[in-house]
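See structure below.
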Amino acid sequence: MKSKLKRFEIIATRDNVLEPGKEIYLNIKGNWKSLYFKNNNPITVELACGRGEYSVGMARQFLNRNFIGVDKKGDRLWKGSTWAVEDQLSNVGFLRTEILFLESFFEAGEIDELWLTFPDPRPRKRDIKRRLSSSRYLEMYKKVLKPGGYFRFKTDNTDLFNFTLEELSLRSDLEDFESTHDLYASPLRPECYDIKTRYEEMFAAQGEKIKYLRFRFRH
């Protein structure tokens, strides 16, 4: 508990974590490029980023792009925030909020690319609406993504992946859609830059195939 509280104290002092209590938290919608990044580079958002391995990993590789990791748990964001500080990365930041409130922090079309990486599969039927690839979330993603922006999804969970494929099959507004049940053996692998989260490494070591899909919404 002391360790978690200490992490909360640390991120409260850091500019690269936007959370309740900070003035910029209330004013950032529509202003990420002007208030936070202070450049006009494209914005990639990682949803349910956990410790932020993907956000920081992409920020290291693509210095001419901006990256934002979104998660509700501050003790997890502390890790990504620390990596960013240690590597002196000014092109990555973290937003502490529920994914359900995404539209409170991003204007329509403000995001150039969205990643959903290893979210909670929420296997119980009563939690279907809470799955981050369910239809109500997909509608929200379409709003905040700019026209032509990619949505990318990685998971080890076969049931969640198949559920997502079913949700997407009901839509008529997708283009450039590709998917694989075995990313490491797929020609789509380079799109993921071989960045691996802690969960990906853990489940892959257990023999789970990593699943991946991507598409663009047609506006």
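Values in this text are rule-based calculations from the coordinates and carry no lab data. Please read these numbers as outputs of a predicted model, since none were measured by experiment. Reconstructed Cβ throughout: ideal geometry from the backbone, glycine too, with neighbour counts over all protein chains shown.
For the pair Arg126 and His181, what calculated FRET efficiency results from E = 1/(1 + (r/R0)^6), where r is the Cβ-Cβ distance and R0 = 30 Å, to the nearest 0.05?
After rounding to 0.05, the efficiency reads 0.70.
Using only Cα atoms, locate the centre of the range 166-219 and the centre of the range 32-54, then give the distance between them in Å, rounded to an integer.
21
Find which of Ala48, Ile111, Ser172 sits farthest along the positive direction of the dipole of the chain, computed with +1 on the beta-carbon of Lys and Arg, -1 on that of Asp and Glu, about the Cα centre.
Of the candidates, Ala48 comes out farthest on the positive side.
Could you tell me how many degrees, from 0 to 90 and to the nearest 10, lie between the Cα long axis of helix 135-144 and the main elongation axis, the longest principal axis, of the Cα atoms of the chain?
With rounding to tens, the tilt is 50 degrees.
Rank these for me by crowding, Met202, Met140, Met58, going from fewest to most other beta carbons within 10 Å.
Met202, Met140, Met58
Checking the table Lys22/Lys73; Lys79/Lys129; Lys125/Lys211 against a 24 Å threshold on Cα-Cα, which pairs fail?
Pairs exceeding the cut-off: Lys79/Lys129.
Tilt of helix 2-11 relative to the longest C-alpha principal axis of the chain, in degrees (0 to 90, nearest 10)?
Relative to the chain, helix 2-11 is tipped by roughly 80 degrees.
Just Arg60, Arg130, Arg171 to compare: in a GNM of the chain, with alpha carbon springs under 10 Å, which one fluctuates most?
Comparing Arg60, Arg130, Arg171 in a Gaussian network model of the chain, the most mobile one is Arg171.
Run down the aspartates and glutamates and flag those whose C-alpha is under 17 Å from the C-alpha of Lys209, throwing out any fewer than 8 positions away in its chain.
Asp120, Asp156, Asp159, Glu178, Asp182, Glu191, Asp194, Glu200, Glu201
222 nm [θ] for the chain, helices only, -39500 (n - 2.57) per DSSP H run of 4+, per residue, to 500?
On the way: 7 runs with 67 residues, N = 219.
Value at 222 nm, helices only, nearest 500: -9000 deg cm²/dmol.
What distance in nm lies between label points placed 7 Å from Cα along the C-beta direction at Ser135 and Asp159?
2.1
Based on the Cβ-Cβ distance of Leu5 and Ser34, what FRET efficiency does E = 1/(1 + (r/R0)^6) give at R0 = 35 Å, to the nearest 0.05?
So the FRET efficiency works out to roughly 0.55.
For Cα Rg over 2.2 N^0.38 Å, one of (1) 1.15; (2) 0.93; (3) 0.98 was computed from the structure I shared and the rest are decoys. Which label?
Identified label for the calculated read-out: (3).
Which one, Asn64, Asn91, Pro123, projects farthest toward the positive side of the charge dipole computed for the chain from Cβ point charges (K/R +1, D/E -1)?
Among Asn64, Asn91, Pro123, the one farthest towards the positive end of the dipole of the chain is Pro123.
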